[in-house]
Amino acid sequence: MTSVYRGNIKMAIASLKSTKWRSFLTMLGIIIGVVSVVTVVSIGEGIKHQVATQINQLGPDLITIRPGKLVERSGNGAVDGVNLLFSATDGGVLTPKNYETVSQTPGIGKSVPLSLLHGPVRIDGHDYTPLVLGTTSSMEQILDKPLEFGEFFGDGDALKDQPNSAVIGHNVATKIFKQRQAVGENFEFLGQTFFVRGVFKQFDTTPLSLSTDFNDTIFIPYQTAQQITGENSQLYEILAKPSDSSRLTQVANDITHRLETSSQGQQRFTVLRQDESLAVTNNILDLLTKMIAGIAAISLLVGGIGIMDVMLVSVAERMHEIGIRKALGASSRQILLQFLTEASVLSLVGGLVGVILSLIINFVLRVTTSLTPVLTWQVVVGATVVSLLVGIIFGTAPALKAARKDPIEALRNQ
């Protein structure tokens, strides 16, 4: 670095120190923009990592069948698009017949229906609205999650003695029943009295995941769900696992083909492997992150305009200084670099402050919430470079104005 550049940087820092409050207010737009973008991106990356953990805890060989056309597939069957409004636009449904088709597909090891039931759950005279799902005894093996207390309900003859048994998620036990060990407690649902037979250990969950939060769920036997709803309960989704995980893709394709055949070619469902579920969720998160980060980046534009305005004022205030420097032999290029360096330092300092605040916010989020933001060096470097570019771009006009000023006219300014 030459002495000229070192001198420009020293003058820029001295200018910042001499007008601390004005400099701070000028940097505020850059600081807010950097904090917003870096925080949003780090939260998005953190959620993607949490979603991957949540999906993988159910096993890489899980196949999910949902109503509606969630994804678009290319000719070779690969997912190449996501229909974000699928639930509102195509009206797909799953029926008990679809569940039979899935369970009878060659290569299926276990499969379970998830029947969605609507209605309040009454406990000690108070109404609650947890997710209530009707399913079979295979759900415990499908989820591959041990119960913390009690046991899961059975099927067939094992169910006849206790048809109104239920298994609840961790949050239902702690937040609704006010105790972790809620086995033996009773609740009313759709005119029936159920007793808690088991409580799941806590599942790792994260917001914006396509997977259901089973911590807030009550499971009741599928047969019971059909009986109390007159066999009109809606299938929320179907979960299945192949008997041989090496044939996962083939089994998933067979399920799709058999369902299409049974529905006469009208695809009213989506069959996803776990890796595809992860890709779909990441796709949605990327879109949301980019959209929110783009909105937050407007602050950088506002900050850049603020820098340009303040630098124009600074040029007007220091016109006499410019005239003296030019009279002493300073070239227009040297004047240009002086004010361009000042604008760049102003913006860069704002960017660095923004990065530091982002680190603090990420730490606070990790400590006080269930979010675990992931801040990568690429994001930090990118935010710093962008803040520097904002200073250069928006500082160019004031610097050119100063450089082009005639020294005689500049000296006349007092």
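Structure summary
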item: DSSP-defined antiparallel bridges as percent of all bridges, the stretch 107-243, nearest 5; result: 75 percent
item: Helix-only CD estimate at 222 nm, as mean residue ellipticity for the chain, using -39500 (n - 2.57) per DSSP H run (n ≥ 4); result: -17500 deg cm²/dmol
item: Under the span-like rule (Cα at least 20 Å along the axis, Kyte-Doolittle mean at least 0.0), DSSP H helices of the chain; result: 3-18, 20-56, 274-296, 298-317, 332-368, 377-403
item: Most to least packed among 137-144, 299-306 [average Cβ atoms within 10 Å]; result: 299-306, 137-144
item: Cα radius of gyration and Dmax for the chain (Å); result: 31.2, 104
item: Relative packing of peptides 354-361, 168-175 - highest average C-beta neighbours within 10 Å first; result: 168-175, 354-361
item: Set of lysines with alpha-carbon distance to LYS405 below 21 Å, sequence-local pairs under 8 removed; result: LYS326
item: LEU116 long-range amide H proximity, modeled H, under 5 Å; result: GLY134, GLN234, LEU235, TYR236
item: Protection proxy ranking, peptides 238-247, 312-321, 35-44, average beta carbon neighbours within 10 Å, highest first; result: 35-44, 238-247, 312-321
item: Average projected area [Cα convex hull, the stretch 107-243], square nanometres; result: 8.4 nm²
item: Lys pairs under 18 Å by Cα in the stretch 107-243, provided they are eight or more residues apart or on distinct chains; result: 6
item: Debye intensity ratio in log₁₀ form over the Cα atoms of the stretch 223-302, taken at each q of 0.18, 0.22 Å⁻¹; result: -0.94, -1.08
item: Pairs of alpha carbons in the stretch 294-414 whose separation is greater than 23 Å (percent); result: 44 percent
item: Normalised contact order of the chain, rounded percent, pairs of Cα under 8 Å and 6 or more residues apart; result: 29 percent
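No lab work stands behind these numbers, since they all come straight from the coordinates. Here the structure is a predicted model, which means the values were calculated and not measured. With ideal geometry, Cβ positions are generated from the backbone for all residues, glycine too; neighbour counts draw on all protein chains shown.
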